[in-house]
1. Hey, among the residues in segment 506-530 that are part of a loop (DSSP other than H, G, I, E, B) and in contact (Cβ under 8 Å) with a residue 24 or more places away in the chain, which one's nearest to Ile458 (Cα to Cα)?
2. Being at pLDDT 95 or above, within 28 Å of Trp69 (Cβ to Cβ), of a type in the set (A, V, I, L, M, F, W, C) and surrounded by 13 or more Cβ atoms within 10 Å (Cβ to Cβ): is that true of Leu308 here?
3. Taking Thr423, is it without any contact (Cβ under 8 Å) to a residue 12 or more places away in the chain, open to solvent by less than 50 Å² (accessible area, probe 1.4 Å) and under 30 Å from Gly171 (Cβ atoms)?
4. If Glu491 satisfies all but one of (1) assigned to a helix (DSSP H, G or I); (2) open to solvent by less than 30 Å² (accessible area, probe 1.4 Å); (3) at pLDDT 95 or above; (4) not polar (S, T, N, Q), what's the number of the condition it fails?
5. I'm checking my understanding of the structure. Among residues of segment 262-297 that are over 32 Å from the mean Cα position of the chain (by Cα) and not in a helix (DSSP H, G or I), which one is nearest to Gly355 (Cα to Cα)?
6. Which of the residues belonging to segment 385-409 are open to solvent by 20 Å² or more (accessible area, probe 1.4 Å) and aromatic (Phe, Trp, Tyr)?
7. Is one or more of the residues making up segment 54-68 at pLDDT below 95 and under 20 Å from Val237 (Cα atoms)?
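The values are calculated or read from the model by the stated rules, or taken from the named source; none is laboratory data. Bear in mind the structure is a predicted one, so any value in this text is a computation, not a measurement. Neighbour counts are summed over all protein chains in view; Cβ atoms, including those assigned to glycine, are modelled from backbone coordinates with ideal geometry. Note: accessible area is taken over every heavy atom of the protein model, side chains too, but ligands, DNA and RNA are not part of it. Shrake-Rupley method; radii C 1.70, N 1.55, O 1.52, S 1.80 Å.
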Amino acid sequence: MTTIPQQFRETAKKFSRRPALKFKYHGAYISISFKELNHRVEILAKGLKELGIVKGDRAAILSENRSEWVRSDLAILSLGAITVPVHTTVSAQIIKHVLSDSGSRVVFVSNQQQFNKLKLIINDLPDLRFVVYFNLDDTELGVSDKQILSLEELMERGRHDRGELKVDLRGDDVASIIYTSGTTAIPKGVMLTHQNFLVDAKASLLAAPADQHDTLLSFLPLSHVLERTAGYYAPLVCGGSCIAYAESVQNLKKNLQEIKPTILISVPRIFEKVHGGIWDKVKGGSKLKYAIFLWALKQEPKTFKHWLADRLVFKKIRKSLGGRLRFTISGGATLNHKLARFFHRLGILILEGYGLTETSPAVAVNRLDNFKFGTVGPALAGVQLKIDKDKEILVRGETVMKGYYRNPELTREVLDENGWFHTGDLGFLTSDGFLVIIGRKKEMISLSNGKIAWPEQIEITLNNDRLIAQSFVTGDAKSYLTALIIPDWQEVLRILDQLNLDSKEPDQLIREQKLKNLFTERIDKINEQLADWEKIRNFILLPREFSQEKDELTPTLKLRRQIIQKKYQAQIDSLYGA
């Protein structure tokens, strides 16, 4: 079995002159070829070798998406060392846990913000010997025994080594320890091998082909396994595609128009925001344009009227997203099937998939020529799926992790003697083999009347309302469900005159009874779609969205339920008269 560095070198040789990476430099996108990227990776690997990094050592990357992330990762892997990605959105204490638990000897740090977090914990990391930075203004570490050097200084060390890199590397060697973002407990390290990644990447390419003619715009964090495999190893290392890095989520719209990607990998929350932006623009236009848009959405595909609608309306929307998208992929959380249908009507196909860090990650995904909205598609080639008696999804195959780092007991809890990984997710398979996700086993709500409710499915229904940005459904061991509701304040501000409200500040608006009455009406309407025990009986409005910075969301924007529950316990108790 080939390894990731071997596969990359083969691809780089085959497409040597083609662009491998694109990134912003002084306000404009520039590219680096496969040949040049391979050269830089080799020099950087030799630089790490000069520091004494050897096979099996752990090397962490604390950086946002950028070309240096890829160079560092491939250099680490070329030495047989193990990459430990760290989410840039986590606190200093979580960074400390990841670096300490993994025993990382070197950490690559991107900028001053991340470096400042590292400074707070640097003396609590006895295994850490080197800090390599990309861009810093202040390199002062304080009283510390760590050696600090720039990426260029490390590259310069590598240039002095004229020898050949020789490492005995095998497919079943650990390539990365990825600490799960987790919606519940302290992150645990998932050990994924070169084989895990490559088998999953190649199976993903069979399901959603990408080649040297494709350009992918990357913005989901490379520290998360979805972007790592589907947005980096599959297209670049295996497929020879070009990857362009977005400046930020905030600049995504501008970068889409600059890069004009053919493939985009995202999470449902981003699609929701794009959907909201489309409607904002439509509603902000003339009554005639609004009417034409509604007419266009009603036209059946493959008819003359739909062709006309596409020419008049949909083509312009696609152009605002770059105009060349062949398909997009959604993962990390459940996608509202109505949203998928909306984009499909616009001519943008969203292929929803499913996976976990422990499965490298993709388990199932819809295909370009075989998709079904409301499902996460059939299993990937080589992946075995089984539904247990309690509806838990079990997975077996070469993409399943080697285990949890330094935690054999926890490994035995999820990996049984027959090699089946117990995902903790519940679902079922349709008669034609499409997987449908019900919810997370640990997140199901058991009501006091014995009924079971799945909060994520109810939240998707709530968030489909144009006035609701986010929601959190709770009610475990209670007789009914309640919810924390975050209004879509842009939409609310549009109707303040109708409500005869003067204030525009969310902190004040959530106290207005007229606004509460409006949301009561809308939630009552939503309740008509739900089973009796799923209905939201009471709710409270919150002024601001849940965020990663406050540890309320994972890097793929899933709710961290335990943290939210604990943080808003007083408000939740008030909904039950406590």
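1. Let us first name the residues in segment 506-530 that are part of a loop (DSSP other than H, G, I, E, B), namely 510-512, 528-530.
Remaining after also requiring in contact (Cβ under 8 Å) with a residue 24 or more places away in the chain: 510, 529-530.
On the way: Ile510: 22, Gln529: 10, Leu530: 8 Å.
Only one residue tops the list, namely Leu530.
2. Details: at pLDDT 95 or above: yes; within 28 Å of Trp69 (Cβ to Cβ): no; of a type in the set (A, V, I, L, M, F, W, C): yes; surrounded by 13 or more Cβ atoms within 10 Å (Cβ to Cβ): yes.
Spelling it out, it is not the case that Leu308 is at pLDDT 95 or above, within 28 Å of Trp69 (Cβ to Cβ), of a type in the set (A, V, I, L, M, F, W, C) and surrounded by 13 or more Cβ atoms within 10 Å (Cβ to Cβ).
3. Details: without any contact (Cβ under 8 Å) to a residue 12 or more places away in the chain: no; open to solvent by less than 50 Å² (accessible area, probe 1.4 Å): yes; under 30 Å from Gly171 (Cβ atoms): yes.
For Thr423, the condition - without any contact (Cβ under 8 Å) to a residue 12 or more places away in the chain, open to solvent by less than 50 Å² (accessible area, probe 1.4 Å) and under 30 Å from Gly171 (Cβ atoms) - is not met.
4. Of (1) assigned to a helix (DSSP H, G or I); (2) open to solvent by less than 30 Å² (accessible area, probe 1.4 Å); (3) at pLDDT 95 or above; (4) not polar (S, T, N, Q), only one is false for Glu491: (3).
5. For segment 262-297, the residue satisfying everything is Gly285.
6. Tyr405
7. Among the residues of segment 54-68, not one is at pLDDT below 95 and under 20 Å from Val237 (Cα atoms), which makes the answer no.
Table: residues versus (1) touching a Leu at 6+ places or on another chain (Cβ under 7 Å); (2) among the polar types (S, T, N, Q).
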site: Glu68; (1), (2): yes, no
site: Thr88; (1), (2): yes, yes
site: Ile95; (1), (2): yes, no
site: Val98; (1), (2): no, no
site: Gly103; (1), (2): no, no
site: Asn135; (1), (2): no, yes
site: Ile148; (1), (2): yes, no
